[in-house]
Amino acid sequence: MTEVETASAAATGIAMATEKAAKELSPEEERVLIRDIALTAEANTKEGDSFFLITQKWWQHWIDYVNQDQQPNNSNNNEGSSSVSGNSDSNGVGNSKRPSGIDNSDLISDGPAEDANSDDGVEIHDTLLEGRDYVLLPQQVWNLLYSWYGGGPALSRKVINSGLSQTEFAVEVYPLRLQLLVTPKGDRSTIRISKKETIGELHRRACEIFHLNLEQVISDVCIWDYYGHRKHALMNDMDKTLDDANIQMDQDILVEVLNNVNDTVVTDGTSIIDNGFADKEATSVLLEPSKSSLSIAGGLSANKIASKGYSAEQLQNQTLGYPSKESDNNFGNSGVSTRGTFGGLTGLLNLGNTCFMNSAIQCLVHTPEFARYFREDYHQEINWQNPLGMVGELALAFGELLRKLWAPGRTPVAPRPFKAKLARFAPQFSGYNQHDSQELLAFLLDGLHEDLNRVKHKPYVNSRDADGRPDEEVADEYWANHIARNDSIIVDVCQGQYKSTLVCPVCNKVSVTFDPFMYLSLPLQFATTRSMTITIFTCDGSALPSTCTVTVPKQGRYRDLIQAVSNACSLKQTEEIKLVEIRNHLIHRFLDDSFVSLSTIKDDDHLAAYKIQKSAKGNVLLQLIHRRQEQETSDAQRWKPFGTPLVSSLSCDDVIRSGVIQTIVQTMLTPLLKEGIEYSDDSDPSTSGMARDPSDHGSGKVDTNCASTSINKVLPKLPLQLVDESKTCIDLSAGDEKAINLSAMSHVVVYLDWKSKLLEKYNINYLENLPEVFKYGPITKKARTEPLSLYTCLEAFLREEPLVPEDMWYCPQCKEQRQASKKLDLWRLPEVLVIHLKRFSYSRSMKHKVETFVNFPIHDFDLTNYVADKRSSRSQLYELYALTNHYGGMGSGHYTAHIKLLDENKWYNFDDSHISPINEEDVKSAAAYVLFYRRAKSDTSGTSSAGSRRARDKTSYKH
């Protein structure tokens with residue numbers, strides 16, 4: 001069907017729908033009709049068309065309503081989408097009730113509209129996000145929904161052409177809000193006006209508002225760009241758009257009336273008129289906050305670009321996006337500033353899930369040392385031959401982007417050239433998927449260092465172990481070796497040094513090294529302890545299984561858990577604990593290596609502890625696996641494991657009798673016997689299980705305590721099968737005198753098949769429902785309410801802990817891989833300290849984001865007590881100047897940055913292309929992810945440059 005035919009069909013559908021009341025349309029008819037109209041509207045969108053905001057809540061209700069009869073399809077479900085193509089987010093289970101009237105009240109600001117002459121006379125909240133708070137619908141779709149449901153109010157916005165060299169449509173959700181100040185009268189007014197309107201239209205609106213003679217606009221009324229209460233430019237080009245004139249959201253416009261009694265006029269265009277407004281602080285520098293996406297592919301979608309995994313072609317062809325300005329002008333020839341000396345308030349366009357990149361770039365760009373370096377001539381330091389670098393291309397791309405962001409003017413920059421370079425050298429960041437901002441930051445710092453490494457030919461250095469030498473001597477030696485191979489602006493600014501101490505758990509060998517770091521990754525944990533729940537079983541039949549919860553060091557080892565369980569169950573000196581992990585009703589592993597870290601035990605694991613007798617000669621462990629019949633098909637049954645295995649011990653003799661194994665198993669199961677049941681056995685009475693002296697079995701000895709319980713009644717013969725080393729099954733119920741050879745066995749596995757008659761005689765509930773190590777539940781009243789301190793996170797990072805099994809250390813004394821204890825200490829701190837809060841964790845079955853609020857200092861972050869090198873007299877106080885934030889869940893969240901412009905001493909929120917001022921108290925939130933601290937300059941130290949620091953660090957301390 002051609003576009004003309006589609007448009008005609010849609011027009012026919014609209015006419016029919018308006019004649020037919022909505023009550024007569026089925027949900028499916030509504031869905032199909034809206035879909036077809038939306039597709040047509042998108043294909044024919046042009047500048048000046050109207051789109052309408054509808055609250056996301058009402059829109060999702062309607063989506064669920066019209067998709068209620070659709071079959072769910074989870075194979076290709078875009079996160080966060082609300083589609084009318086047949087697959088709703090709720091998989092067709094949504095609210096089947098027909099929505100009531102459209103209610104946009106939650107989008108509307110409580111205050112009065114700033115501009116009574118605006119299109120709808122209604123002011124919306126400043127912080128609305130498309131896809132979260134509202135969706136944008138073409139006028140035809142709005143008209144139809146309004147005719148069916150009524151309600152409102154109507155919130156209309158215009159489509160503008162925001163492209164430079166080519167047409168790029170965008171819906172202007174937030175037109176410019178300007179503060180008009182008229183002098184000499186002192187009146188003021190707030191208006192809303194499109195950034196694509198002309199200066200002539202602004203003149204007309206100003207004269208209308210202040211009742212000025214429109215015919216005398218040019219000669220008697222001057223309108224000034226009054227940003228920051230300074231006259232920047234006389235706005236007298238009536239055909240120029242406000243966008244081209246670089247007029248920003250919430251800025252002031254001065255309306256100067258010349259022919260009046262005071263006849264006040266300023267002719268040089270530079271001085272400030274004392275009109276009573278000079279002391280008023282500018283309220284905002286708010287760039288276009290809307291990331292409007294009108295992508296309609298297979299249905300109407302209310303998604304932001306950032307939540308889609310579109311390809312570049314899809315973004316170009318299907319999105320009515322934000323303007324793209326990719327000027328190639330260098331900083332030196334970018335024009336004359338119209339905004340005074342302050343810069344750095346230029347946003348970055350979201351190219352599609354690139355908020356992770358934008359937030360990291362803004363923090364680096366606003367690092368003063370980098371801003372100075374890349375705006376000067378850094379080309380002479382580019383290392384064109386470094387095989388570890390990107391032949392200078394990454395440094396050049398970053399430097400060019402930094403210059404654009406610091407250039408005069410505030411039109412958002414599209415970082416496409418930089419992203420192309422990034423994708424070339426780091427393919428993991430190619431495409432338009434969401435990525436981790438910290439991972440990108442780590443790559444950028446490392447890549448920029450290699451591109452700008454001043455060392456063209458790296459010498460070979462041999463780092464020696466400390467071997468008892470003073471720490472100061474070893475640290476200086478390591479740092480000198482590092483600088484001999486790595487010398488760049490990144491090292492000057494961001495690299496520090498920590499002391500790493502490894503201790504072998506077997507021979508106590510101590511190894512001390514001093515390693516460089518670019519950033520610190522701090523764990524987010526309140527406590528240093530961990531609660532673990534274990535079920536305890538006895539082998540001597542003396543007690544029922546019981547659970548106990550113990551507290552162990554969070555960074556402890558298996559030995560700590562074994563000791564805690566031993567104390568909890570009052571272990572005797574003649575007993576020992578065997579700790580195991582249970583999976584699928586089988587023993588998955590024995591936790592018998594005392595030095596393995598407890599971090600290898602996850603909260604959703606299931607642990608069991610078995611009290612067994614110690615043996616001077618050692619024991620062979622007997623594992624009892626429970627099985628029962630389960631119906632697989634209509635005519636087939638199979639024995640499958642269930643419950644929790646039991647463990648006992650056998651003495652290390654070469655041969656054991658089958659009757660001994662029967663006795664041991666019967667003893668272990670004794671606590672599970674039901675009371676008041678007569679026990680009988682169909683087998684020969686001479687072979688029935690009965691309390692007997694284990695010595696009767698000759699060489700088949702068993703731990704006496706395990707069979708010490710007196711059983712003065714006949715026990716049921718148990719259907720046991722032993723599996724030997726050759727995987728052969730041996731029936732242990734055929735007689736007590738059958739000899740079993742143990743010499744080749746490290747452990748004995750016996751299966752107990754629970755038939756229905758046997759199940760009637762035992763309470764097997766005690767063997768089932770093994771609890772998890774830690775079960776998350778609702779927060780109790782005793783839950784900690786104090787915020788987690790950044791200092792606490794740092795202390796957890798520096799605390800001694802065992803290495804993970806995947807990162808074993810080769811002990812030079814043992815000549816083997818060992819799971820050593822590792823202790824870190826800060827030794828040398830950089831000028832800029834980057835701290836990564838480890839909010840994302842991964843386990844076998846899930847990914848998890850830690851939403852904990854961290855109370856981090858903005859001023860006076862004092863690390864004096866955490867630096868192990870006490871020789872330095874330099875200040876160890878740090879000031880926060882930037883941070884990245886992550887909102888939402890893993891893979892579908894959004895990144896922003898909070899940045900302090902040091903020249904202005906003000907904080908701003910950088911949300912892609914949208915920049916707005918924030919109060920300092922709003923900088924802290926639970927979304928904080930990567931923190932950027934800068935060393936505070938003391939009065940005595942002055943403002944030493946990074947270069948002088950480099951020269952100083954190359955010289956060893958004198959002793």
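What follows is calculated from the coordinates using simple rules that are stated; it is not laboratory data. Note that this is a predicted model, so its numbers are computed, not measured. Please note: Cβ atoms are built from the backbone with ideal geometry, for glycine as well, and neighbour counts cover all protein chains shown.
Quick one: compute the contact order of the stretch 370-495, relative version, from alpha carbon pairs under 8 angstrom and 6+ residues apart, as a percent. Before the final figure, lay out the partial values.
On the way: 106 pairs, mean separation 38.4, N = 126.
The normalised contact order for the stretch 370-495 reaches 30 percent.
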| task | Report the extension gain between Glu472 and Glu760 in nm, rounded to one decimal, defined as 0.36 nm multiplied by the number of residues separating them, less their alpha carbon distance. | result | 96.3 nm
| field | Pair Ala43, Lys838: separation of 7 Å Cα→Cβ label points (nm) | value | 5.4 nm
| task | Calculate how many DSSP beta bridges within the stretch 176-257 are antiparallel, expressed in % of all such bridges and rounded to the nearest 5. | result | 75 percent
| If each of Phe425 and Ile918 carries a label point 7 Å out from its Cα toward its Cβ, how far apart are those two points in nm? | 3.0 nm
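Around Gly556, under 12 Å between beta carbons, what's the net of Lys plus Arg minus Asp minus Glu among the other residues? Numbers along the way, then the final one.
Values: positive: Arg530, Lys554, Arg557, Arg559, Arg799; negative: Asp560, Glu800, Glu801.
Result for the neighbourhood of Gly556: +2.
So, R0 is 41 Å and r is the distance between the beta-carbons of Lys727 and Glu795; what FRET efficiency does that work out to, to 0.05?
Details: r = 53 Å, r/R0 = 1.28.
After rounding, the FRET efficiency stands at 0.20.
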| message | Report the gain in length on full extension from Lys572 to Asp106: 0.36 nm times residue separation, minus Cα-Cα distance, nm rounded to one decimal. | response | 161.0 nm
| message | Please list, in order, the residues from the stretch 466-494 whose amide nitrogen is less than 14 Å from a point placed 7 Å along the Cα→Cβ vector of Arg871. | response | 469-481
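Between the DSSP loop rule and a limit of at most 15 other Cβ atoms within 10 Å, which chymotrypsin sites (Phe, Trp or Tyr not before Pro) in the stretch 342-374 are left?
Values: sites: Phe342, Phe356, Phe370, Tyr373, Phe374; in loops: Phe342.
Passing sites in the stretch 342-374 are Phe342.
Round to the nearest 0.05 the FRET efficiency obtained for Arg372 and Glu737 when R0 = 60 Å and r is the Cβ-Cβ distance.
0.05
Taking a cut-off of 20 Å, what percent of all Cα-Cα pairs in the stretch 176-257 are separated by more than that? List each step's numbers first, then the result.
Working: 641 of 3321 pairs.
Roughly 19 percent, rounded to a whole number.
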| Net lengthening on full extension, Asn584/Leu902 (0.36 nm per residue, minus Cα-Cα) | 108.6 nm
| message | Could you tell me the calculated FRET efficiency between Asp593 and Glu28, based on Cβ-Cβ distance and R0 = 56 angstrom, to the nearest 0.05? | response | 0.35
| 5 angstrom amide H check on Glu816, placed H, neighbours 5+ away | Cys811
| note | Output row, site Cys507, 7 Å Cα→C-beta label point, backbone N cut-off 16 Å, window the stretch 788-819, residues 809-819
| Qualifying trypsin sites (Lys or Arg not before Pro) in the stretch 541-577, DSSP loop, other Cβ atoms within 10 Å at most 15 | Lys572
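Over the stretch 176-257, what is the relative contact order in whole percent, taking alpha-carbon pairs under 8 Å and six or more residues apart? Before the final figure, lay out the partial values.
On the way: 146 pairs, mean separation 35.0, N = 82.
Normalised by residue count, the contact order of the stretch 176-257 is 43 percent.
Within the stretch 384-463, which trypsin sites (Lys or Arg not before Pro) sit in a loop by DSSP and count at most 10 neighbouring Cβ atoms inside 10 Å?
Numbers: sites: Arg403, Lys404, Arg410, Lys419, Lys421, Arg424, Arg454, Lys456; in loops: Arg410, Arg454, Lys456.
Those satisfying the criteria are Lys456.
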